[in-house]
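Colleague: Okay, here's the structure, questions in a sec.
The values are calculated or read from the model by the stated rules, or taken from the named source; none is laboratory data. The shown structure was predicted, so the numbers you read here are calculated from the model rather than taken from an experiment. No Cβ is skipped: glycine too gets one built from the backbone with ideal geometry, and neighbour counts run over all protein chains shown. With ligands, DNA and RNA removed, areas are computed over all heavy atoms of the protein, side chains included. Shrake-Rupley method; radii C 1.70, N 1.55, O 1.52, S 1.80 Å.
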Amino acid sequence: MEQNKPELAKKAIDLIEHIAGTHPGYRRAHAKGIYCEAVFTPNGHASPYTTAAHLQKEKVKAIVRFSDSSPNPNMVDMFSPVKGMSVQFQLPDGKAANLVGVTVPVFITKTPEAFVEILSVMEKKPGPRDLLRMFIQYPESRAAFRIIKNTRPFISYSTSRYYPIHTFYFVNEAGEKQPVKYEWEPDDTWNCAAKREAAVHPADYLEAELTRRFLKGPIDFNLTVILGEESDPVDDSTAAWPKERQKITIGHLSIMRKLDYMEENIVFDPTVVPQGIMCTDDPVLRFRSEAYAVSFERRLKGQ
Ligand code: HEM
């Protein structure tokens, strides 16, 4: 079992603040965001694999937060290439289950220690040689950086796939564990504007676009899971699974409207999962819980 790393979590958040500035009251990552109201309808296809209440047949309400990955809430939308979609399912017993995705399918490091090392390099405003040294030291980070570099600005939060990245275990009534990786697949056609076109958009164009998009009706996503096999790594968030793995659709999310006001006391801690789902020992997944708690504590105090 992965050990708690409270000092490392504080160090990570301190480094993010040194790099991106401190923005009192805001999340230390994904600072700019929009809350929405949604309903999730499971189709029962997950039932053989998990007893999780929200993945059976009954609809549940959900809160969704779309976000820009930058720790700076004033970041121009097009300059922040990774977007987030956080979903909090509201379970029948009053508890919550979180599923936190981004537009990139793999993370940049296997461990929180390596992530903090990379932040330390970034803090020193690295030149090309420092960056090259970093890529040699952490070759596993190349896949994520390559995808980020090739990402073009989005025209809408509604048109991307979102990947919760980490592996989770589904656990069924017999106690059998099935490793899964989730993906949100949009109903809206995938689309992205050319950089040239995006350059003329205002700083917060994604929020304005969302308002316009809701005039046409709800924004819909299918929730799918890829079923892992024995040889697939379950605790390495830099590793994708082979493409031929079976993928099943387990439900449908309908996002109805923007919430104009939302108390900022939600933490989308990705380790908050209900009975019938278990976290793997992926050290990055475990560490996120601690890092998000540090960020939450600071933003709640208005720091
Ligand atoms: C070492 C790894 C990571 C660190 C230190 C980190 C740090 C953070 C922090 C500090 C926040 C703000 C938390 C809050 O105040 O509520 C945050 C939010 C977020 N992170 Fe991470 N993160 C990590 C990995 C990841 C990964 C792998 C993903 C991919 C799924 C991800 C996706 C997000 C998203 C979507 C949000 C916004 C959540 C919201 O809407 O409130 N993060 N992250």
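Colleague: Determine whether Glu123 is open to solvent by 30 Å² or more (accessible area, probe 1.4 Å), touching a Leu at 6+ places or on another chain (Cβ under 8 Å), acidic (Asp, Glu) and on the phi < 0 side of the Ramachandran plot.
Modeller: Taking the combined requirement at face value, the residue satisfies it.
Colleague: Looking at region 84-115, which of its residues are touching a Ser or Thr at 6+ places or on another chain (Cβ under 9 Å) and near the ligand (Cβ under 8 Å from one of its atoms)?
Modeller: Passing the criteria: Gly84, Met85, Ser86, Val100, Gly101, Val102, Val104, Phe107, Thr109, Phe115.
Colleague: When you scan region 1-106 for strands (runs of 3 or more DSSP E) that lie fully inside it, which ones turn up with 2 or more residues that are among the polar types (S, T, N, Q) and within 25 Å of His252 (Cβ to Cβ)?
Modeller: Once the strands (runs of 3 or more DSSP E) in region 1-106 are filtered for at least 2 residues that are among the polar types (S, T, N, Q) and within 25 Å of His252 (Cβ to Cβ), what remains is 83-90.
Colleague: Quick one: in region 158-170, which of the residues that are closer than 13 Å to Leu285 by Cβ and open to solvent by 10 Å² or more (accessible area, probe 1.4 Å) is nearest to the ligand (Cβ to nearest atom)?
Modeller: Ile165
Colleague: Give the residue that is farthest from Leu99 (Cα to Cα), with candidates limited to residues of region 220-260 that are touching a residue at least 12 places away in the same chain (Cβ under 8 Å) and polar (S, T, N, Q).
Modeller: Gln246
Colleague: Tell me which of these Arg257 doesn't satisfy, since it passes every other one: (1) loosely packed, with under 15 Cβ neighbours inside 10 Å; (2) away from the ligand (no atom under 16 Å from the Cβ); (3) at negative phi; (4) more than 21 Å from the chain's Cα centre (by Cα).
Modeller: Of the numbered conditions (1) loosely packed, with under 15 Cβ neighbours inside 10 Å; (2) away from the ligand (no atom under 16 Å from the Cβ); (3) at negative phi; (4) more than 21 Å from the chain's Cα centre (by Cα), the odd one out for Arg257 is (4).
Colleague: Could you tell me which residue of region 267-290 is farthest from the ligand (Cβ to nearest atom), considering only residues that are aliphatic (A, V, I, L, M) and open to solvent by 20 Å² or more (accessible area, probe 1.4 Å)?
Modeller: Met278
Yes/no matrix, rows are residues, columns are (1) modelled with pLDDT of 95 or more; (2) of a type outside the set (Ser, Thr, Tyr); (3) over 23 Å from Thr167 (Cβ atoms):
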position	(1), (2), (3)
Thr249	yes, no, no
Leu253	yes, yes, no
Glu263	no, yes, yes
Phe268	yes, yes, no
Thr271	yes, no, no
Ile277	yes, yes, no
Asp282	yes, yes, no
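Colleague: Moving to a separate point now. Residues being modelled with pLDDT of 95 or more and either surrounded by 22 or more Cβ atoms within 10 Å (Cβ to Cβ) or closer than 18 Å to Gln275 by Cβ (or both): count how many of those fall in region 63-83.
Modeller: Adding up the residues that qualify gives 6.
Colleague: In region 134-141, is there at least one residue being of a type outside the set (Ser, Thr, Tyr) and assigned to a loop (DSSP other than H, G, I, E, B)?
Modeller: no
Colleague: Would you confirm whether any residue within region 63-73 is among the hydrophobic types (A, V, I, L, M, F, W, C) and under 30 Å from Lys177 (Cα atoms)?
Modeller: yes
Colleague: Out of all the residues in region 130-157, which are open to solvent by less than 20 Å² (accessible area, probe 1.4 Å) and away from the ligand (no atom under 16 Å from the Cβ)?
Modeller: Across region 130-157, the qualifying residues are Pro153, Ser156.
Colleague: Next question. How many residues, within region 90-101, are more than 12 Å from Lys61 (Cβ to Cβ) and open to solvent by 30 Å² or more (accessible area, probe 1.4 Å)?
Modeller: The qualifying residues number 2.
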